[in-house]
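Right, one structure below, let's go through it.
The values are calculated or read from the model by the stated rules, or taken from the named source; none is laboratory data. Computed from a prediction, not measured in an experiment: that's the story for all the values here. Don't worry about glycine lacking a Cβ; one is built from the backbone with ideal geometry, like all the others, and counts go over all protein chains shown. We work out accessible area using only protein heavy atoms, side chains counted, and drop any ligands, DNA or RNA first. Shrake-Rupley method; radii C 1.70, N 1.55, O 1.52, S 1.80 Å.
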Amino acid sequence: MPQDLPSTPKSTKMKYWRKPLDADKVKVPHGELHIIVNRCKGCLFCVEYCPRDVLQMSEDFNVKGYHYPEVKEDDACVNCQLCELLCPEFAIFCVEKEEEGGGENES
Amino acid sequence: MTKETTVTEETQEQAHPMDELLRMDRMPHIWCPTCGLGTVVTALAMALDKSGISLDDVAVVSGIGCTGRVAGYIKVDSFHTTHGRAIPFATGLHLANPKLKVIVVSGDGDLIAIGGNHFIHAARRNMDITVICVNNFIYAMTGGQVAPTTPLTANASTMPYGNFEPPFNIPYLADSCGASYVARWSSLHVRRMTTAFAEALAAPGFSLVEVVTPCSTLYARRNRLGTGLDLLKFYHDNCEIEHGADTRSLDIDFQSTIKLGKFIERRRPTFLESLDDWYGQVFGDKYEPYAGATSE
Amino acid sequence: MKADPRGVLTGAHYLDGDHAAAEGGLAAGCRFLAGYPITPSTEVAERFAARIPKVGGGVFIQMEDELASMSAILGGAWAGKKSMTVTSGPGFSLMMENLGLGIMMEVPTVIINVQRGGPSTGLPTLPGQADMMQARWGSHGDYEIIAICPSSPQEAFDYMITAFNFSEKYRVPTLVMMDECVGHMTEKVVIPPADEIELTPRKEYTGPPEEYLPYLPDKDMIPWMTKAGDGTRFHTTGLTHDEKGYPVMNADCQETLVRRLIDKIRKNADEIAIVEEEEVDGADVVLISYGISSRVAIPAIERARREGLKVGSLRLVTVWPFPETRVRELAKNVKALVIPEMNYGQIYYEIERCAAGNARTILVPHGGGWVHDVNDVYAGIKEGLK
């Protein structure tokens, strides 16, 4: 399947099918994404498998000529680090941000 | 675009947490876009980190092929050996210094075809090494030839009309030879793969983790399966986790369900435990245990 | 460095060459033998297997084949143990690929080949000397190697120590090319006390671990060695590599590396050469031999001398690197060089090359299976005097 410009995945895979009873007590961590643009080979693994749809592919190219991921929604990252683990190029990583209160911003 | 340039500069200064564990002076690695090998390297490095083993005591041995290059990227004592001989080389390292944690990372062709004899005997002896067999179903570095793991009907450059040779079921092979730990994950199941690596490292004796990994350039392209990403999607939809499954049921057919899980975890005396135990019985107190420990 | 007394069975013994070679290995500090049974070499492994639990601090393993054995001893050496393996013809062929890896990674190890008749399975229980060129050229690619040919059980013991010392000094797998006769002949072997056995220590790296470059050559062209677990986190590969041990795929790097691998042996060839000479000065004919053939030659030489003929003997203990300087000199001063060997011309061609037309070269060949007939060697000497 040839890829032209990569599209942003539509699904919101991690949506709860019911709200957990302790949702208001659980602190949801926030992550800060760091993307080492020029290491990227544009595989799309991070974009596809981000459970919170934080990432999208850039329209620009890196020095190798690949599209690379960029942060679409700054606050949405929950520091699950799946992108960091999946990235075959060691090009993306997450750092936990300072905690901000409880889970009221979660659905 | 100035915005992106800024991003690049900013982030380049940031050290990736993996940078410490890798030979960054060798990056970028040789693997193709959407190859899963980089993910396996991350998982192994994470598992090593988690396991608390001093990295000075770790040796990684690879054979030849795409996966054979893993040894060259992990910053521990690392050995890139000849085709198929990673396991006996690792056996030598382990026996000469039992304190070393010896890990073999190699491909399905290297370990199961040309190195098949060493694989079964290391498992039989329960040699205390960890083997990570990255299975991409094909000989990738040489250009897509049929492997002993290529599923029936799949196309390979030396099976241009489709493969008619039945493939090996690697977990069953390892199990039947007496391996102490046998698991299979895909490179998409990265957390479970990391856990499996950590468990395999902790398990005394011959431990095997098979990692089903996408090869985009050869396996996927030859078989019109898209890219590595499409193969990950395929794993996402078609992998079934069945811990403790009968290893006889773990055949992989072309584009059909792939069973994953931890299949075998058994405690059997390792080669050196048996050696020390037996010589202890034969020679009594005169014998000075070689590995410094007797079996539990 | 003196030998560790635990491995040295000091005293006079009645041993065959295989057993003596095993004792030589142990005395040299070898504590890891990975091998695979093959006649007529198996007794080396058997002796080692029986002795090592008593000596302590070492291990023997019978691997699944010779490919594995050769590979395992490279791993063993990298983990810091002196390591060896032992085999014969067919097994030697199987070891060739990983012998090349040992040369490329510069691993000090010793490989004993108790030669039998070939090709193929040939004559498992009978002697041959037909693997001499395989010892030199058997692995693919260009390289230099060291090979020693003992001619008696005592020499099998003594030269195993020399072989380990060479392998450590030059960081190269060293071959001990015995033959079935030497391996299976039983004679008196005197093993000296440990403090009389001088061993060459490994050229160990002692600098800061983070600055270690595994293939940075010293002035003598030999890089410093470390072992797995030392904290230097080095990489080594069978691919053409730079000083860091990283693969580099280009002609410059290939040239630098291969040139050094060759020069570190070739430029030290005179230092490595061990030859035994007897009545060479003023001789008309010199018999050049190695291994068991040099013992068979003795009665032929004695007979010729009784007849008043001027016959000298040059025995090659080290065959590779070929003791070229000495043979060239010698060729200028004699009429003929007579070469008895159990093959149809292997070392003969080296000698012919070095004689460079200055002396006749006469091959006394034999297909293997038994040692030379003394009369044939004598006939060779007579031929040389014509």
Practice item. Kindly list the number of the only condition in (1) modelled with pLDDT of 95 or more; (2) open to solvent by 20 Å² or more (accessible area, probe 1.4 Å); (3) in contact with a Leu (Cβ under 8 Å, 6 or more places away or on another chain) that fails for C:Met1. Key: (1)
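Results for (1) surrounded by fewer than 24 Cβ atoms within 10 Å (Cβ to Cβ); (2) in a loop (DSSP other than H, G, I, E, B), shown as yes or no for each residue.
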residue	(1), (2)
C:Glu277	yes, no
C:Asp281	yes, yes
C:Ile288	no, no
C:Glu302	yes, no
C:Arg305	yes, no
C:Gly308	yes, yes
C:Arg315	yes, no
C:Phe322	yes, yes
Point to revise | Considering residues of segment C:160-194 that are closer than 27 Å to C:Lys219 by Cα and hydroxyl-bearing (Ser, Thr, Tyr) only, the residue most open to solvent (accessible area, probe 1.4 Å) | key: C:Thr162
Point to revise | Cross-chain or 6+ apart pairs with Cβ under 6 Å, segment B:90-115 first and within 10 Å of another protein chain (Cβ to nearest Cβ), then of a type in the set (Lys, Arg) | key: B:Ala96/C:Lys81
Exercise for review: Kindly establish whether C:Tyr215 is surrounded by 18 or more Cβ atoms within 10 Å (Cβ to Cβ), of a type in the set (Phe, Trp, Tyr) and in a loop (DSSP other than H, G, I, E, B).
Suggested key: yes
Practice item. Being among the aliphatic types (A, V, I, L, M) and open to solvent by 20 Å² or more (accessible area, probe 1.4 Å) is the filter here, so list the residues in segment A:26-43 that pass it. Key: A:Val26, A:Val28, A:Leu33
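Here is a yes/no grid of residues against (1) more than 14 Å from chain A (Cβ to nearest Cβ); (2) without any contact (Cβ under 8 Å) to a residue 60 or more places away in the chain:
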| site | (1), (2) |
| --- | --- |
| B:Pro171 | yes, no |
| B:Cys177 | yes, yes |
| B:Ser180 | yes, no |
| B:Met193 | no, no |
| B:Glu199 | yes, no |
| B:Leu208 | yes, no |
| B:Ala245 | yes, yes |
| B:Ile252 | yes, no |
| B:Lys262 | yes, no |
Check your understanding: Only one of these conditions is not met by C:Cys30: (1) open to solvent by 30 Å² or more (accessible area, probe 1.4 Å); (2) over 24 Å from B:Asn126 (Cα atoms). Which number is it?
Key -> (1)
Check your understanding: So which residues in segment B:169-182 are within 12 Å of the chain's Cα centre (by Cα) and assigned to a strand (DSSP E or B)?
Key -> B:Val182
Exercise for review: Determine if segment B:284-292 includes at least one residue that is more than 14 Å from chain C (Cβ to nearest Cβ), surrounded by 18 or more Cβ atoms within 10 Å (Cβ to Cβ) and among the hydrophobic types (A, V, I, L, M, F, W, C).
Suggested key: no
Check your understanding: Pairs, please: C-beta under 7 Å, at least 6 apart or cross-chain, first residue more than 7 Å from chain B (Cβ to nearest Cβ) and in segment A:23-51, second of a type in the set (Phe, Trp, Tyr)?
Key -> A:Cys40/A:Tyr66; A:Cys40/A:Tyr68
**Study point:** B:Met127 vs. criteria within 14 Å of chain C (Cβ to nearest Cβ) and either assigned to a strand (DSSP E or B) or more than 24 Å from B:Leu95 (Cα to Cα) (or both)
**Key:** no
Practice item. Check segment C:186-201 and report whether any residue there is closer than 21 Å to C:Ala34 by Cα and touching a residue at least 12 places away in the same chain (Cβ under 8 Å). Key: no
Exercise for review: Select, from B:Ile120, B:Ile103, the only residue that is open to solvent by less than 10 Å² (accessible area, probe 1.4 Å), among the hydrophobic types (A, V, I, L, M, F, W, C) and not in a loop (DSSP other than H, G, I, E, B).
Suggested key: B:Ile103
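Residue-by-condition table, conditions (1) among the charged types (D, E, K, R); (2) within 18 Å of the chain's Cα centre (by Cα); (3) more than 18 Å from C:Asp4 (Cβ to Cβ):
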site	(1), (2), (3)
C:Tyr36	no, no, yes
C:Ala45	no, yes, yes
C:Pro53	no, no, no
C:Ile61	no, no, yes
C:Gly89	no, yes, yes
C:Asn98	no, yes, yes
Review point. Can you tell me which residue in segment C:218-272 is nearest to the chain's Cα centre (by Cα), limited to those that are of a type in the set (A, V, I, L, M), within 14 Å of another protein chain (Cβ to nearest Cβ) and surrounded by 15 or more Cβ atoms within 10 Å (Cβ to Cβ)?
Key: C:Met225
Check your understanding: Is there any pair linking a residue in segment B:76-87 that is at positive phi to one that is surrounded by 24 or more Cβ atoms within 10 Å (Cβ to Cβ) and among the β-branched types (Val, Ile, Thr), with Cβ under 8 Å and at least six apart or on different chains, and which?
Key -> B:Gly84/B:Ile64
Study note, to complete from the structure: Selection from segment C:66-102 of residues open to solvent by 10 Å² or more (accessible area, probe 1.4 Å), over 21 Å from C:Pro127 (Cα atoms) and in a helix (DSSP H, G or I) yields C:Leu67, C:Glu97, C:Gly100
Revision key, fill the gap. Sole miss for C:Gly17 among (1) crowded, with 24+ Cβ neighbours inside 10 Å; (2) under 24 Å from B:Ala122 (Cα atoms) is condition (2)
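Yes/no matrix, rows are residues, columns are (1) part of a helix (DSSP H, G or I); (2) touching a helix residue (DSSP H, G or I) at 6+ places or on another chain (Cβ under 6 Å); (3) open to solvent by less than 10 Å² (accessible area, probe 1.4 Å):
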{"residue": "B:Ala154", "(1), (2), (3)": "no, no, yes"}
{"residue": "B:Pro167", "(1), (2), (3)": "no, no, no"}
{"residue": "B:Arg184", "(1), (2), (3)": "no, yes, yes"}
{"residue": "B:Leu188", "(1), (2), (3)": "no, yes, no"}
{"residue": "B:Thr195", "(1), (2), (3)": "yes, no, no"}
{"residue": "B:Leu208", "(1), (2), (3)": "no, yes, yes"}
{"residue": "B:Arg224", "(1), (2), (3)": "no, no, no"}
{"residue": "B:Lys233", "(1), (2), (3)": "yes, no, no"}
{"residue": "B:His236", "(1), (2), (3)": "yes, no, no"}
**Study point:** Enumeration of residues in segment C:228-238 that are within 14 Å of B:Val61 (Cα to Cα) and either in the same structural domain as C:Trp78 (by TED's automatic domain parsing) or in a loop (DSSP other than H, G, I, E, B) (or both)
**Key:** C:Ala228, C:Gly229, C:Arg233, C:Phe234, C:Gly238
Check your understanding: For segment A:1-82, which strands (runs of 3 or more DSSP E) that fit wholly inside it have 2 or more residues that are closer than 23 Å to B:Phe234 by Cβ and modelled with pLDDT of 85 or more?
Key -> A:55-61, A:67-71
**Study point:** Residue identified as in contact with a helix residue (DSSP H, G or I) (Cβ under 6 Å, 6 or more places away or on another chain), surrounded by fewer than 22 Cβ atoms within 10 Å (Cβ to Cβ) and either under 19 Å from B:Val211 (Cα atoms) or of a type outside the set (Ser, Thr, Tyr) (or both) among B:Pro148, B:Pro160
**Key:** B:Pro148
**Study point:** Of all residues in segment B:264-283 being more than 14 Å from chain C (Cβ to nearest Cβ) and out of contact with any Gly (no Cβ under 7 Å at 6 or more places or on another chain), the one that is farthest from B:Pro151 (Cα to Cα)
**Key:** B:Pro269
Practice item. Could you please find all residues in segment B:33-42 being touching a Leu at 6+ places or on another chain (Cβ under 7 Å) and either more than 7 Å from chain A (Cβ to nearest Cβ) or open to solvent by less than 10 Å² (accessible area, probe 1.4 Å) (or both)? Key: B:Thr39, B:Thr42
Check your understanding: Does segment C:113-126 contain at least one residue that is crowded, with 18+ Cβ neighbours inside 10 Å, in contact (Cβ under 8 Å) with a residue 12 or more places away in the chain and more than 22 Å from C:Pro37 (Cα to Cα)?
Key -> no
